[in-house]
Each structure stands twice: as C-alpha cells, then as structure tokens.
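Reviewing the structure listed below.
Each reported figure results from applying straightforward, stated rules to the coordinates on display, with no laboratory input. Just so you know, these numbers come straight off a predicted model, no measurement behind them. Note that we place each Cβ from the backbone using ideal geometry, even for glycine, and neighbour counts take in every protein chain shown.
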Amino acid sequence: MAKTYCIIGSGVAAVNAAKAIRDHDKEGRITIFGAEPNLPYNRIKLSKELFSDLMNPKVLIKKEKWYETQQIEVINQKITAIDTDNFTITTSEGETVSYDKLLICTGSKNRKLPIEGIDLQGVFTIRERHEAEEFKAFIADKEHVVNVGGGIQGLETAWSLLKAGKQVTILEAAPRLMARQLDEQTSSLLQAKIEEAGVTVHVHTGIEKVVGQHSVEAVVAGGEDIRCDSVIYSIGVIPNLDLVINSEIDSNRGIVVNERMETNISGIYAAGDVAELNGAVEGLWGRAMDQGKAAGTNMAAEQSISFEKTIPLTVFNAFDLPLFSIGLVDESQCDDSLIEEDGSGKYTRVFIKNEKLVGVISLEGVAASLPYKTAIEKEVSLEGMDFSKLTISELMSELKERLQAAA
C-alpha cells in the first residue's frame with residue numbers, strides 16, 4: 001500500500017525533502033502544506049532582488065510543471081495542529097489529514113526589535129513575499145530608509161534600496177559589518193566600498209527607539225536623532241516552534257532531531273531553520289537544503305543515512321564588490337593564517353588549523369572559491385609546509401599536487 005508523506009512548510013528544506021522522497025518512493029503520496037498563497041520560492045531574492053518582479057516564476061524554487069511531473073501536491077493551508085497519537089494533522093480549514101511519515105519545515109521568523117516605536121507605520125522586517133511587496137509600496141514616495149542590521153541580508157537590502165534611488169543609513173550593533181563571515185580587514189574594505197557608494201554606515205551603534213506620531217519620523221541611535229521616513233530591520237531569526245509547543249515533540253531552541261533528522265517521535269522528522277541538531281540551529285540556506293535531502297531520504301529509503309554538514313559558503317556581490325567566505329574564518333579558533341593583498345582592493349586570507357586548510361575569505365567571485373572549497377572538504381594535510389615562507393598561491397599549488405597524489 002502506498003505511503004502518505006506530509007511536509008509542513010514550503011521552504012527550500014521542504015522542496016528538497018519532497019524530491020528525495022520521490023527519488024526513493026515512486027508511488028507514495030507527497031503533500032507540501034504551505035501557509036503562503038503560492039508555490040515555494042527563494043526567500044534570498046526578497047533582499048537580493050527586492051525591486052525585481054517578485055511574482056515572476058524565476059523566484060520559485062521549482063516551476064509548477066516540476067510538481068506536476070513529480071506528482072507532488074502543494075496545498076496553501078497552514079497546519080494548526082499535529083496529533084502524534086493518531087498520525088494526523090489539522091489544516092486551517094479544519095480538515096484532518098492522515099500521514100505515515102511527517103516532516104516539519106516551519107522555518108523561522110525574524111527576531112523583533114524590542115524597542116519603543118517598533119509598531120509605528122513605516123517599520124518593516126521582511127520574511128515573506130507579501131512583506132516585501134508591502135515595504136516597496138510604502139517607500140515608493142519615501143526618501144530616507146534606515147536599515148538596521150549589517151549582516152548579509154541587511155546589506156543586500158541596502159544595496160537594493162540604494163539602486164532604487166533611496167538615501168540609506170545602515171545601523172549595525174556589532175563592531176563591524178558581516179562579523180560572522182569576515183575578518184576585520186575585509187569588513188573594513190566592505191564598509192569603505194559601501195560608504196563610497198553613498199550609504200552612511202554606523203557600526204557599534206544600536207537603534208534605541210523609533211520616533212513619530214503615527215508613522216516613522218526619525219530613529220534614535222548612539223544617542224543621536226537620525227531623520228528618516230521608514231525603517232527596515234534584519235537582526236537574525238528564531239525557529240518557528242508554534243506548532244510543537246506543548247506537544248509530545250521535543251524542542252529546545254529548535255525541534256530536537258538526531259543525525260537522521262528524526263525527532264523523539266518515530267516517523268516525525270524536522271529540517272531547516274526549525275531543526276536543532278547537536279545543540280545547534282543552523283539557519284543557513286545550504287544547510288536547510290542538505291537537511292531536507294537527508295530527512296526525505298530517511299522517510300522513504302530502505303536504508304537510512306546520517307546528515308553530514310557541508311562546508312558553509314557565503315557569497316556576496318552587492319555594491320559591486322564580489323567576495324566569498326568559506327568554512328571557519330575565526331582566527332581565535334585557528335592556528336595560523338596567510339594573507340595576500342595588492343593594495344588595490346584585492347585581498348585573500350586563508351585559515352589553518354591542525355595543519356589543514358579550514359577557511360578562506362577572498363574579494364573574488366564565487367568561481368574562485370572552488371579550489372579552496374575542495375581542499376577544505378578533502379581535509380588535505382599541510383604537514384611539512386613552512387607557512388611563514390609560503391604565499392597563498394604556492395600553498396594552493398602544493399595542495400593541488402597533494403590532492404592529485406591522493407586521488
């Protein structure tokens with residue numbers, strides 16, 4: 001008898017899980033339940049391509065034809081309850097749906113700024129497509145946007161706003177921009193490039209409150225008033241646990257899963273931003289894809305697999321500045337590093353730990369990242385190399401030879 005697979009949530013983890021299920025089970029019924037009124041789409045484009053046509057099929061993770069071909073049903077209804085005893089879920093329309101295997105991919109929600117004035121008209125945070133459309137409509141006749149958050153999403157949004165002709169001020173509470181992905185030098189170069197483009201940047205500066213009668217008139221940051229007519233913020237996300245709170249499904253920061261992406265309830269899995277594995281909630285696009293694949297495989301395949309982390313890769317190309325960051329780039333956790341720069345904006349730094357390459361930051365396009373990524377993934381030994389006498393080019397040349405010798 002054909003199995004029924006239900007997937008709650010319609011992000012990239014859900015789509016990759018559905019594909020993995022279909023790869024292993026050609027007959028099973030697969031249904032994705034999404035709360036938004038559309039097919040699953042690429043949320044990254046909401047910041048990266050804010051002023052493009054967000055209703056264009058190019059924004060979708062998979063086109064409508066793919067779901068038809070794969071016989072995967074997408075139902076645009078929110079799931080309101082899970083009955084773990086009777087293997088059913090309840091939709092917002094009151095329908096009860098039975099399942100054999102269940103995957104929870106409810107993702108995350110944007111962390112809310114806990115400050116006065118956050119509910120004034122003109123304050124936005126973007127997680128869903130309708131929020132992006134509402135923000136664009138509001139600022140159509142506005143001039144100055146304060147952008148709170150100097151992570152990759154915040155900076156991509158700032159770039160979209162600048163290209164749309166808006167005056168932009170960035171507020172970042174950390175000492176530097178993209179602190180999780182960049183070292184001090186790269187962050188400094190990035191800030192200089194952003195300021196050169198005409199954006200005002202304040203680091204080590206938190207927003208204290210939003211000021212206005214009914215709509216935004218200014219913000220207070222660093223003890224000073226900054227006049228503006230709208231605010232957009234991106235200060236991190238928190239797993240969306242509403243569905244499992246007070247249920248039999250274990251949760252902590254996220255829904256607790258094992259290496260198979262299975263929860264404490266047999267037959268129920270979790271993946272993506274909502275899942276917590278070994279005490280960590282990843283919140284990364286690539287990891288959500290991989291977790292979805294692992295969960296889907298374990299839901300449908302005869303033999304189970306363990307989720308294996310891939311090397312995190314961040315690619316940034318806003319403000320006409322290409323850069324990438326791979327792996328571990330925290331020098332406090334590394335033994336050594338090598339730097340190459342030419343004074344004209346070119347900069348590459350590699351990070352070494354336990355005689356292995358573990359991370360890279362470079363002001364180059366994504367294509368240049370491939371040899372580094374391969375070397376990190378293969379964990380090629382650097383034993384015997386004198387890092388004090390090597391350039392990065394020489395190091396990579398030697399790594400290439402060692403890779404070929406080991407092949």
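Here are a few things to note about the model shown:
- Of all DSSP beta bridges confined to the chain, the antiparallel ones make up roughly 55%.
- DSSP bridge analysis restricted to the range 123-233 gives an antiparallel fraction near 35%, rounded to the nearest 5.
- Separation between Cα centres of the range 280-302 and the range 347-407, rounded to whole Å: 28
- Segment E68-A405, extension gain: residue separation times 0.36 nm, minus the distance between their alpha carbons: 116.7 nm
- Residue among A270, A164, A294 with the largest mean-square fluctuation in a Gaussian network model of the chain, springs linking Cα atoms under 10 Å: A164
- When only alpha carbons of the chain are considered, Rg and Dmax amount to 23.1, 69 Å.
- Straight-distance crosslink candidates among aspartates and glutamates, where the alpha carbon sits under 12 Å from K353 and sequence neighbours closer than 8 are dropped: D330, E331, D335, D336, E379, E383
- Above-threshold pairs, the threshold being 27 Å between Cα atoms, out of K58/K193; K112/K166; K78/K101; K142/K346; K309/K400: K58/K193; K142/K346
- GNM result for the chain, Cα springs below 10 Å: residue of R227, R22, R129 fluctuating most strongly: R227
- The chain, dipole about Cα centre (Lys/Arg Cβ +1, Asp/Glu Cβ -1), debye to the nearest 20: 800
- The lysines whose alpha-carbon is closer than 18 Å to the alpha-carbon of K65, local same-chain residues fewer than 8 away aside, are K19, K26.
- Cα-based equivalent ellipsoid, the range 322-406: semi-axes from gyration tensor eigenvalues, Å: 19, 14, 13
- Counted residue by residue at 0.36 nm each, then reduced by the alpha carbon distance between them, the extension gain from Q167 to E184 reaches 3.5 nm.
- Out of every Cα-Cα pair that the range 66-178 contains, those further apart than 22 angstrom amount to 54 percent.
- Taking label positions 7 Å along the Cα-Cβ direction at both D100 and E143, the computed distance is 6.4 nm, reported to one decimal.
- Of the three principal axes defined by the Cα atoms of the range 123-233, the extents in descending order read 40, 31, 24 Å.
- Per-residue Cβ neighbour rank within 10 angstrom, fewest leading, V12, V237, V360: V237, V12, V360
- Of the DSSP H helices in the chain, those that are both long (alpha-carbon extent of 15 Å or more along the helix axis) and hydrophobic (Kyte-Doolittle mean at least 0.0) are 12-24, 152-163.
- For S332 and D250, a Förster radius of 35 Å and the Cβ-Cβ distance give a FRET efficiency of 0.60, rounded to the nearest 0.05.
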